[in-house]
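Note sheet for the following structure.
The values are calculated or read from the model by the stated rules, or taken from the named source; none is laboratory data. Computed from a predicted model, the values in this text were never measured in an experiment. Cβ sites come from the backbone with ideal geometry, for glycine too, and all protein chains shown count toward neighbours. The area values use the complete protein model at the heavy-atom level, side chains included, leaving out ligands, DNA and RNA. Shrake-Rupley method; radii C 1.70, N 1.55, O 1.52, S 1.80 Å.
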Amino acid sequence: MSEINRVKDALKHAAAVAALLVPMAGAAALAEDQAEEGLAEALQPAEGAAEDAVAGNEIDAEGELADGMLDEEGGDVLAAAPAQCPPVAAVQEDVPSTDLLDTAFVEGLKTWLDVPVVRLTLESRNEANASLGQSDIDALDKQWRAETESDDQPLITAVLNSPLSTYLLRVQAGQLGLYSEIFVIDAKGLNAGQSSVTSDYWQGDEAKFQKTYDVGPSAVFIDEAEYHEETDTWRAQVNVTLTDDGGDRIGAATIEVNLTELARRSKAGI
């Protein structure tokens, strides 16, 4: 009987041990699973970083290869770009020569200036303005300058509506951009006719008048070329003395020539 009791006690002890060991085994298994999952999660960023690093190395390698190819082919195009685009100053240095405004060209200008509307207008203006003193001229010039900034322009309108101004405007339009401005000046240095509004009325204090009318009947003065930024063209003024049928001085004329256009026509043989 005692032997049976010992066996029962042994079985109870084994059962108790088993009951204790089973939860521990489950916990161990769970811990193992969690550890594996944690390891996998921990490894994922590392693997991603490794893949990114590999991709980055490939990109860097491709970049280095591309740079090497650019160097072998003559350097980086972007680095060379500024040298291929000259600054504005460099472009403006290519000034058409005023040699284009030669004797033949000037004589051509005198041909359409030697017409009755030019002579008759100047003779009439010179007679009407004969008594004007410098103070009168200054007052008229002041009035003109004020009118350029006003809607009321009686003096400017009187000049622009004259037959001479109409003729000069038609000459300018007929040359299709070769002349950018034309105006005729009387013996007092005042505008007698013009193709467009000038900033002032009296030209007697400027070289265009002093180096032509004041010099003599055959005087010609060609001013230096100037760059016109708005139209990206070079221009130069040709100034000549105007005479009557007897060869006496009656005024002067200024023709602003588009040198860029003249050079183009000359190159094209026009």
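So the values come out like this:
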read-out: Options 182, 156: the member that is β-branched (Val, Ile, Thr), closer than 30 Å to residue 263 by Cα, open to solvent by less than 10 Å² (accessible area, probe 1.4 Å) and in contact with a helix residue (DSSP H, G or I) (Cβ under 8 Å, 6 or more places away or on another chain); value: 182
read-out: Residue within region 249-257 that is of a type in the set (Asp, Glu), assigned to a strand (DSSP E or B) and surrounded by 15 or more Cβ atoms within 10 Å (Cβ to Cβ) present; value: yes
read-out: Within region 201-246, strands (runs of 3 or more DSSP E) holding 3 or more residues that are in contact (Cβ under 8 Å) with a residue 12 or more places away in the chain; value: 220-222, 233-243
read-out: Among (1) at positive phi; (2) within 33 Å of the chain's Cα centre (by Cα) - the single one residue 231 does not satisfy; value: (1)
read-out: Verdict on residue 190 being out of contact with any Leu (no Cβ under 6 Å at 6 or more places or on another chain), closer than 22 Å to residue 264 by Cα and not hydroxyl-bearing (Ser, Thr, Tyr); value: no
read-out: Pick from region 204-248, criterion open to solvent by 40 Å² or more (accessible area, probe 1.4 Å) and basic (Lys, Arg), ranking: farthest from residue 94 (Cα to Cα); value: 211
